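Enquirer: Before I ask anything, here is the structure I am working with.
The values are calculated or read from the model by the stated rules, or taken from the named source; none is laboratory data. All values reported here derive from a predicted model rather than from experimental measurement. We place every Cβ from the backbone using ideal geometry, glycine too, and count neighbours over all the protein chains shown. Calculation scope for accessible area: heavy atoms of the full protein, side chains included, ligands and nucleic acids excluded. Shrake-Rupley method; radii C 1.70, N 1.55, O 1.52, S 1.80 Å.
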Amino acid sequence: MSSTTSYPNNRTKHTIESKSTEAQQDTEYECAPFFVDLKSLSESQLDHLRSVGLLGGLCVEVDDSIPPQGLSSKAAKLLGVDETQPRVELLEEIRPSTAKNKVVGVQDPYAIRLVRSAHINYLSNALSEPLSRGFISLDASHPWMIYWCLHSLDLLQHFDPPSDTSLASGGINDLETLQKSQLLKRIVSTLKHCWTDVPLQFDIDDVKKNTKLSQLHKIQQQQGEDISSTDAEGTNEKIEIIGGGFGGGPQQMPHCAPTYAAVLSLCIIASIGCGQEDTMNKSHNPYHEAGKLAMELLNEKRLPMYAFFLTLREHEDGERIAFRMHHDGEIDVRATYCILTPCHLLGLLDKEEEKNHLLSPSIARYIASCQTFEGGFGAEPFNEAHGGYTFCALAALRILGLVSMINVEMLRSWLVRRQLEFEGGFCGRTNKLVDGCYSFWQGGAIAVLDGWYNENDAACEKVGAADDEGLSFDEVMLQRYILLCAQDVNGGLRDKPSKPKDFYHSCYNLSGLSVSQHALSSSWPPTSCDTAEDDKNLNRLFGDSSFNILARTDPVLNIRTDRARHAAKQF
């Protein structure tokens, strides 16, 4: 960049200039052209934005000299317009320089759009077409790539039945629907092949005291898999139980991160295929078979998964404090979140159970020890506060119902200061640059904390927390960043304009966009009545509100609220 190039006039001010502030200024300069006043652009530039889908067609008042196209009174009634008024047409593509028609204010011609069809094509192709050889570096991330693309498509409502209910009456009649159905079944098959069994040793007394372990042990006894042994001193009898989890790919070791991604993906498919049965006949739901396969896999693996999770507990001074990501793996707050989320969805966190080690207060105490002097959370005690780990820590505490064990005032202060003044997006750490993925990691964490505040009136009054009418960050600024800077018009979303698109950033940009669009739930986890009502409540919106609104994601679990509600009914 030339030294004579000027930065935006309203760029962030710094007390002391440094290499860090120079990098921030460079990023602001990179984003500034995307925030141009669209009204200042030439007609040819606006025409280009329309051609790539960032702007809708122009609404123009048709010149009276043009012969009418025969808008009947019946059509006018169906469209809700007055046939006596000048007609308005939506032009998909128009050359304003040659048009003699006058632009009218029926539709904002400068409202930015989410390029839905391009994103859907990009994400669908990722799931259905062979990936290039460069993706070999993600060979241990098969469930993650599935989740990133599947959840993104679900937010874009790619698998929702059409509003005209043609599916409900006609079943699988079109090629596109059949391809979607086959895709979902292939995803279930792929995830099934990512499962790995592993033999686990438990004290016989622990098995007797744990209802779920006892149930799993009884099932495996009936299948002839029971193995008992005695330790070296011959005093403590052990029982071997076959547990397991999802690995990053076929025949890879079980790991709680891909297990999290796999369970969320299966819950999405189960809801797509089986969640509409109240309103749609099974034989007419083209995704029912895929949903049934997903439910069968979840039912088959939930107890072995539970046993595997129990063996990841780390002990200190005789107390179970935290979890490892895999056997002999690292200990951090990601593991706690990646274990608690599948257990919550699969009904494995039974608070009525006398001794559920996954609900031990020592888990929350360990998470609290990871909070830093800044207010955010590091991966483990004494690490730097980071947006991803902060989300995992807070969401895990929300699942446990123990958010009050941390300093929520410091956390809230740190979170809201991660939204950058000029770009409107979030950064992950202090003095770092904007990144689209933190639209969810930070924006979602704020939504989780605001939701907790709203359920705890005393905490709200103490810190003046946001009320039910909005979030504690500027949701319009975040939407602006995502729609203007993070979108690739060819499909997919990215970190920032200079970065390439990818599945990961597509997922978390869209998740953050969903969080910023939808008002907070009245409670968590939401009831069916709460969700039906909350889906109608929106925050302030940026861009084309008739086109940009995504499905509502649960900020704690990061799957659609109706998918989470379906899992709660099943388990």
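Enquirer: What net charge do the residues around residue 293 carry, taking every other residue with its C-beta under 10 Å from that of residue 293, with Lys and Arg at +1 and Asp and Glu at -1?
Expert: Working: positive: 185, 192, 292; negative: 289, 296.
Charge balance in the 10 Å sphere: +1.
Enquirer: Here's a follow-up. Find out how many positive minus negative residues lie around residue 437, taking Lys and Arg as positive, Asp and Glu as negative, among other residues whose Cβ is under 15 Å from that of residue 437.
Expert: Values: positive: 334, 418, 429, 432, 494, 496, 499, 501; negative: 423, 435, 488, 495, 502.
For residues surrounding residue 437, the net value is +3.
Enquirer: Which distance in nm do the two modelled labels at residue 121 and residue 546 give, with both placed 7 Å along the Cα-to-Cβ direction?
Expert: So the label points at residue 121 and residue 546 sit 2.4 nm apart.
Enquirer: So who's got an amide H within less than 5 Å of the one on residue 210, skipping anything under 5 residues away but keeping other chains? H placed 1.01 Å off N, in plane.
Expert: Long-range HN contacts for residue 210: none found.
Enquirer: Per-residue HN-Hα couplings for the stretch 248-265, Karplus 6.51 cos²θ - 1.76 cosθ + 1.60 at θ = phi - 60°, whole Hz, x for Gly and Pro?
Expert: So the J values, rounded to whole Hz, are x, x, x, 6, 9, 5, x, 8, 6, 6, x, 5, 4, 5, 5, 5, 4, 5.
Enquirer: What order do 325, 295, 405, 477 take when sorted by accessible area (1.4 Å probe), most exposed first?
Expert: Numbers: 325 0, 295 25, 405 75, 477 45 Å².
In descending accessible area the options line up as 405, 477, 295, 325.
Enquirer: Continuing with the same structure: List, in the order given, every pair from 39/496; 218/301; 39/501; 185/218 whose Cα-Cα distance in the structure shown is over 19 Å.
Expert: 39/496; 39/501; 185/218
Enquirer: Hey, another quick one. Mind grabbing the accessible area of residue 144 for me, 1.4 Å probe, Å², rounded to tens?
Expert: Roughly 40 Å² of residue 144 is accessible to a 1.4 Å probe.
Enquirer: Given bins 5 angstrom wide, list per bin the percent of all Cα-Cα distances in the stretch 177-219, short to long.
Expert: 5, 17, 16, 11, 11, 11, 11, 9, 6, 3, 1
Enquirer: Sticking with this structure for a sec: With a sphere of radius 9 Å drawn around the Cβ of residue 500, what net charge do the other residues whose Cβ falls strictly inside it have (Lys, Arg +1; Asp, Glu -1)? Spell out each step's value before the answer.
Expert: Values: positive: 494, 499, 501; negative: 488, 495, 502.
Overall, the nearby charge balance is 0.
Enquirer: Right, next: Quick one: Karplus J couplings for the stretch 490-503, per residue in order, coefficients 6.51, -1.76, 1.60, θ = phi - 60°, nearest Hz, x for Gly and Pro?
Expert: So the Karplus estimates, Gly and Pro as x, are 8, x, x, 10, 9, 5, 8, x, 7, 9, x, 6, 7, 5 Hz.
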